[in-house]
Amino acid sequence: MVNDMTAENPDAVNPDVAGTEHCDDDCQKALRELYGYLDGQLTVERRTTITAHIEYCRPCMESYTFEAELKQVVALRCQEEVPEALRMKVFEAIQWEIRGD
């Protein structure tokens, strides 16, 4: 299973096992589902399969690490409150659209 230590240090993957040059069908499947994986939206079975692949495949581990870190940065940096005046303008615009005024 990918743990915090592995996610922080892709070199923690066993270099004798990790692939470095391939991008096969398993890679394509894992990368297509990476956001669902990071968001916890996959079945336990699919998550287990992707975890095993990520731990084995260095290019996919690097993609996982990058995307996981990017997600953390976005979550930390994008916490601004929307000004109340802007909220009201958007609300009024939506109401205007709904009513067809």
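Rule-based calculations on the coordinates, nothing more; no lab input. Source: prediction; values computed, not measured. Don't worry about glycine lacking a Cβ; one is built from the backbone with ideal geometry, like all the others, and counts go over all protein chains shown.
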Which cross-chain or sequence-distant (5 or more) residues have an amide H under 5 Å from the amide H of residue 42, H modelled 1.01 Å from N in plane? none
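Quick one: 78, 27, fewest Cβ neighbours within 10 Å first, how do they rank?
On the way: 78 7, 27 17.
Starting with the residue having the fewest Cβ neighbours, the order is 78, 27.
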Order by neighbour count: 54, 94, fewest other Cβ atoms within 10 Å first, most last. 94, 54
To make sure I understand, if each residue's beta carbon is the centre and we count other beta carbons within 10 Å, what order do 37, 64 fall in, fewest to most? 37, 64
Amide H contacts of residue 57 (H built 1.01 Å from N, under 5 Å, at least 5 apart or other chain): 19
